[in-house]
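The values are calculated or read from the model by the stated rules, or taken from the named source; none is laboratory data. Source: prediction; values computed, not measured. With ideal geometry, Cβ positions are generated from the backbone for all residues, glycine too; neighbour counts draw on all protein chains shown.
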Amino acid sequence: MTTPFALEPHQRQWCTELRALAAEHLRPLASEGTPGRVNRPLVTALGDLGLLARVFPAEGPVRAMDLCLLRESLAAECTEAETALALQGLGAYPVALSGTAEQRARWLPEVVAGRAVAAFALSEPDAGSDAAALALRAEADGSGWRLTGEKCWISNAPEADFCTVFARTTAGAGARGVTAFAVPADRPGLAGAPLDMLSPHPIGTLAFDGVPVTRDDLLGEVDGGFRVAMRTLNLFRPSVGAFAVGMAQAALDAAVRHAGERQAFGGPLKDLQAVSHQLAEMATRTEAARLLVYAAAGAYDAGASGAAAYDAGASGAGAVGSVASSSAMAKLLATETAQYVVDAAVQLHGARALRRGHLLEHLYREVRAPRIYEGASEVQRTIIAKELYRGRAQEPAGPVGVLNESQKEDR
């Protein structure tokens, strides 16, 4: 379902084309991959089909609306393709937004072509939303720094070709003492292991044993890593909601088909009022979530995020004003809605939906993670609640050191 008053005809046509492309070219490659590991043929296909180029357009940062439409459309047909694309974007956008010309020239063409896999290495075993708790140390050694510590719940780890790594350069400085580095995977002292997760995403750990980095690897400024993280997460957070809407739509489509075909109690399931009302509720919630996601993306693209939001993020406050609130509402409603719709679709299908390999069994495992990563639902509610009083008390959108946009699994 698309929303005529929210989308232009060319946008609706693009969504249709994306879904067809995903079904024909990407879904077969996804089915051949190993769950929980990087699917390089799939990443290469995203590059060959020009989809990664849409995430990294030559004219500058991708529009949030385009990113949302791209992720929603792919998710409706092939969640593995959507995830692979999103992880490339999240891992490499710090380079696009904060890297030097040399860094961008080195990494972005490879990422866009699907030849290099990127990772966003923020979370740690004891540090998710709380940026002040980051413990990975970047110790000065004269010519640069040595990274020592551990990262956990890192997307594309340990198979990525390079990682955006956030490390502590100034002890006791909270979020203001974090620095970002682009670290090639072949650096001595860098190791990792995959994690076996409920959702079939490539997630793992990274271990840093005195890994050398220099100023050539620095992204942005020393102690300015929180801003680097926020600039990327502010852009990507609304599109997590789009991913969720895509999954909800896939589950709704499956439920509508099943209810129309399945015969029970003398007729199709859809003729039972309990079933038809359930479908109506699923459709209404999905459309409401979609509209809120589009509104958040539109607000971002209208410039409401702007430099002020990035500056606030650098001081630990996160995005400001309506963009912070609308993005949080979009992610919250969309991810919670997707959980509800997928669960309801499973209930309507009965035991067949629990069989390994069924679309809804797959979605049931996929849909749980977005309620946690890039800001758990509880974090989004905190942002929304604080924004309600921001104009009255002039308080920040979040306490200093709290990375509102990221918790646990780094997407």
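Just one of the listed residues (Glu59, Glu77) is among the acidic types (Asp, Glu) and over 18 Å from the mean Cα position of the chain (by Cα), and it is Glu59.
The requirement of being assigned to a loop (DSSP other than H, G, I, E, B) and either in contact (Cβ under 8 Å) with a residue 60 or more places away in the chain or within 16 Å of Leu292 (Cα to Cα) (or both) is fulfilled nowhere in the range 336-355; no residue meets it. Under the condition of being within 22 Å of the chain's Cα centre (by Cα) and among the small types (Gly, Ala, Ser), which residue from the range 9-33 is surrounded by the fewest Cβ atoms within 10 Å (Cβ to Cβ)? Going through the qualifying residues, I end up with Ser31. Summed over the range 266-294, the residues that are under 30 Å from Ala324 (Cβ atoms) and among the acidic types (Asp, Glu) give a count of 2.
Taken over the range 34-56, the criterion of being modelled with pLDDT under 95, out of contact with any strand residue (DSSP E or B) (no Cβ under 9 Å at 6 or more places or on another chain) and not hydroxyl-bearing (Ser, Thr, Tyr) is satisfied by Pro35 alone.
Is there a residue in the range 111-128 that is within 30 Å of Leu252 (Cβ to Cβ) and either of a type in the set (A, V, I, L, M) or in contact (Cβ under 8 Å) with a residue 12 or more places away in the chain (or both)? No, the range 111-128 has no match at all.
Residue count for the range 222-241, restricted to those that are touching a strand residue (DSSP E or B) at 6+ places or on another chain (Cβ under 8 Å) and not aliphatic (A, V, I, L, M): 5. The criterion of at least 3 residues that are outside the structural domain of Tyr93 (by TED's automatic domain parsing), without any contact (Cβ under 8 Å) to a residue 24 or more places away in the chain and charged (D, E, K, R) is met by none of the helices (runs of 4 or more DSSP H) falling completely within the range 1-68. The residues on offer are Thr179, Thr205, Thr214, Thr232, and the sole one that is loosely packed, with under 15 Cβ neighbours inside 10 Å and polar (S, T, N, Q) is Thr214. Meeting the requirement of 1 or more residues that are assigned by TED's automatic domain parsing to the domain that holds Ser31 and of a type in the set (D, E, K, R), no strands (runs of 3 or more DSSP E) wholly within the range 71-165 can be named.
Summed over the range 59-69, the residues that are within 15 Å of Leu46 (Cα to Cα) and surrounded by fewer than 24 Cβ atoms within 10 Å (Cβ to Cβ) give a count of 0.
Filtered by the rule that a residue be under 13 Å from Val183 (Cβ atoms) and buried (at least 23 other Cβ atoms within 10 Å of the Cβ), the range 123-155 gives Ala138, Trp145, Leu147, Lys151, Ile154.
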